[in-house]
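Read through the structure below, which is laid out as structure tokens, and then see the notes.
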Ligand SMILES: [Cu+2]
């Protein structure tokens, strides 16, 4: 376990991969850092002002070779959430809840992901908006109280959370896209917030460019980072790429979560970003959840990833 | 026999990327997040059938909004009729880095 009393860690993101299903995030001094979700509950309970979970890319309805039983692996992930010794404050879901935006897929998702009894804050992935009415089903279910295509913000224990939508009105040849209206809303949303406010931004497609050839980035993501630059602690959480990639740039920590449904190849290592078939006995090592713990004081925020193969 | 041979030579030329495919009613396969062929030539009034051979859905739409398919799950097909001549660049609205083009001649 990292020494949480070391102020030099304030701007450091640490992330450990651990067995389980998600990433557990801890905020300490507004910066995320890793904590064992299941592995070390005593530490998590003592050190964290609160924790929240990130779950992503559940793709309800996916049944292809890369994982014919994507519903079962989501159930395993949810089972791990229910078994947590320390109850997280809430969950965020960073999109691709369903595979095909079918009503029954949304129903199954809501029922299963609701089982732990936690509040769940969603943003859509591109797979959630492909019903005949371009996302009406998603907005009917999750759009209440949100702006535009479903973006919003909320506060929890002094941390400001922003859910962005970068999967609508995508331009030919482009990447993820936020659009002027959403960026104007974000500028307004952040206005007046002290620089010391810890900020967590979450969206489906990575907000920074990971691999443009596969569309893994957001055309106007840099404008979000410009708006966030003045804040002392910024954490950007994304999904979409079904694997963990992270980086720290100044005060900004970027992190992508695993899927609970199927793995995708590392950037550029396959002919396409399509579902990656791995040996059956290895599948659960590629699927998981993320947990984040928020602490107050001179400590970083902790991000922990667990795979379904852990514990 | 000869017809079959000519077909295979033609198919080889097309798959080797020698010139755009020229066809009456044509089809485009979507595999590995790529349109095959990505550059298709047809006569006005003919159709193009898009077939998704990937494990992930795609949705094809013209850049000028003149046509779009529903989301195509694996093995789904959608047929578009190109009535008038012109060049119609299209893309996948789900994965917009995927692009192709249909050129319709009179
Ligand atoms: Cu696509």
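Read-outs: derived from the displayed coordinates by stated rules, not from any lab. Since we're looking at a predicted model, the values are computed, not measured. No Cβ is skipped: glycine too gets one built from the backbone with ideal geometry, and neighbour counts run over all protein chains shown.
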Task: Peptide ranges B:58-64, A:132-138, A:274-280 listed from the most packed, as the mean C-beta count within 10 angstrom indicates - done: B:58-64, A:132-138, A:274-280
TODO: Please work out the Cα center distance from segment A:208-241 to segment A:131-180, rounded to the nearest Å.
DONE: 15 Å
- [ ] Counting only C-alpha contacts under 8 Å and six or more residues apart, can you give the relative contact order of segment A:139-191 as a whole percent?
- [x] 22 percent
TODO: Rounded, prolate or oblate: pick one for segment A:55-155, where a ≥ b ≥ c are the square roots of the eigenvalues of its C-alpha gyration tensor, a/c under 1.5 means rounded, and failing that, prolate if a/b is larger than b/c, else oblate.
DONE: oblate
Open item on the list: Averaged across B:95-101, how many Cβ atoms of other chains sit within 10 Å of each residue's Cβ atom?
Closed with: 5
- [ ] Please say if segment B:23-103 is rounded, prolate or oblate, where rounded means a/c under 1.5 for a ≥ b ≥ c the square roots of the C-alpha gyration tensor eigenvalues, and otherwise the choice is prolate for a/b larger than b/c and oblate otherwise?
- [x] prolate
- [ ] Based on the mean of other Cβ atoms within 10 Å per residue, sort peptides A:159-168, A:263-272 so the most packed one is first.
- [x] A:159-168, A:263-272
Task: Between segment B:49-106 and segment A:50-88, the Cα center-to-center distance that results, in Å - done: 33 Å
Task: Rounded to 5, percent antiparallel among DSSP beta bridges of segment A:75-217 - done: 45 percent
- [ ] From other protein chains only, count the Cβ atoms within 10 Å of every residue's Cβ in B:43-55, then give the mean.
- [x] 1
TODO: Within 10 Å of each Cβ in peptide B:64-75, how many partner chain Cβ atoms are there on average? Round it to a whole number, please.
DONE: 2
TODO: Would you mind telling me the antiparallel percentage of the DSSP bridges in segment B:48-92, rounded to 5?
DONE: 100 percent
Task: Antiparallel bridges, percent of DSSP beta bridges restricted to segment A:165-253 (to nearest 5) - done: 25 percent
